[in-house]
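The values are calculated or read from the model by the stated rules, or taken from the named source; none is laboratory data. Bear in mind that the values here come from a model prediction, so they are computed numbers and not experimental data. Note: ideal-geometry Cβ built from the backbone for every residue, glycine included; neighbour counts use all protein chains shown. Quick note on the areas: whole protein, heavy atoms, side chains included, nothing else; ligands and nucleic acids left out. Shrake-Rupley method; radii C 1.70, N 1.55, O 1.52, S 1.80 Å.
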Amino acid sequence: MKKRIIVLAISSLFIIGSAFIVTKKDNIKAQNNTSNMSKNNYKNDGNLSASKEYIEGVQPLYIDGIVVVNKKYGLPQDYRAPEELEKDAIDAAKRMMKSAEEDGVVIKIRSGYRSYSIQSTLYNNYVRRDGKEAADKYSAVPGYSEHQTGLAFDFTTSDTITSIGDWFTDTIQAKWLYENAYKYGFIIRYPEGKEDITGYQYESWHYRYIGEEHSIHFAMNNLTLEEYLGLDK
Ligand SMILES: [Zn+2]
């Protein structure tokens, strides 16, 4: 673990250094709310707060320790969330699925972490099949997928073979997740009726881990991460 932290620290220095030579296409100062940071229970705060400026392809946007990925803010090609945070997300997902099962609802993960190159293959296939305009409504350009963080999951029923899609919306699994995910640190990332804010059509299966201290504000209210972080204006 120590080795990983050192590597992260070195790469942070590299990123800060790179900031001076990379053309900044779109910078945004992350909110520097120290009270929010202190109640944040992410274990990698030191690394996450080391650099706060978004630099396309180099430095992701972090606000209050939350890495933001959407149509506007992408990830460096080799980005993946800090190991401990990803572990927190997986543990939370397991706790959530166990709790659902106790309620008689079997929920499985259809997909989690997806690398830049896998996303490239998927996206290019969708564009070939449906055209770019249609593909962009349900699939992310490589580098702009939340799945690359390792903190986003597509949930499904006990049938993990069938591709996820609109059919999932009418399942008891979708209903259970909608009502309970916020208790486990998860939010529905592309809620119904918020397509103009998220840029994605409603996805009843796609959940993003942001930690309970944040997700608690997302109780069955179709709030988007963009609105919560003030990025929708
Ligand atoms: Zn997804």
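Before moving on, here are some points about what is shown:
- Shape class for region 122-233: oblate, because the ratio a/c of the largest to smallest gyration tensor axis (alpha-carbon atoms, square roots of eigenvalues) is 1.5 or more and b/c is at least a/b.
- Cα gyration tensor, region 172-216 - rounded (a/c under 1.5), prolate or oblate: oblate
- Region 101-225 - percent of accessible surface contributed by carbon and sulfur, probe 1.4 Å: 51 percent
- Distances between placed amide hydrogens fall under 5 Å for Lys108 paired with Thr156, Thr157, all partners being 5 or more residues away or on another chain.
- Taking a ≥ b ≥ c as the square roots of the eigenvalues of the alpha-carbon gyration tensor, region 127-169 is classed oblate because a/c is 1.5 or more while a/b is no larger than b/c.
- Straight Cα distances below 20 angstrom link Lys98 to the aspartates and glutamates Glu86, Asp88, Asp154, Asp159, Glu179, Glu212, with same-chain residues fewer than 8 positions distant left out.
- Peptides 147-155, 84-92, 195-203 ranked from most to least packed by the mean count of surrounding Cβ atoms within 10 Å: 147-155, 84-92, 195-203.
- Unsatisfied cross-links (Cα-Cα over 23 Å) in the set Lys72/Lys175; Lys72/Lys194; Lys87/Lys183; Lys71/Lys94; Lys137/Lys194: Lys72/Lys175; Lys71/Lys94
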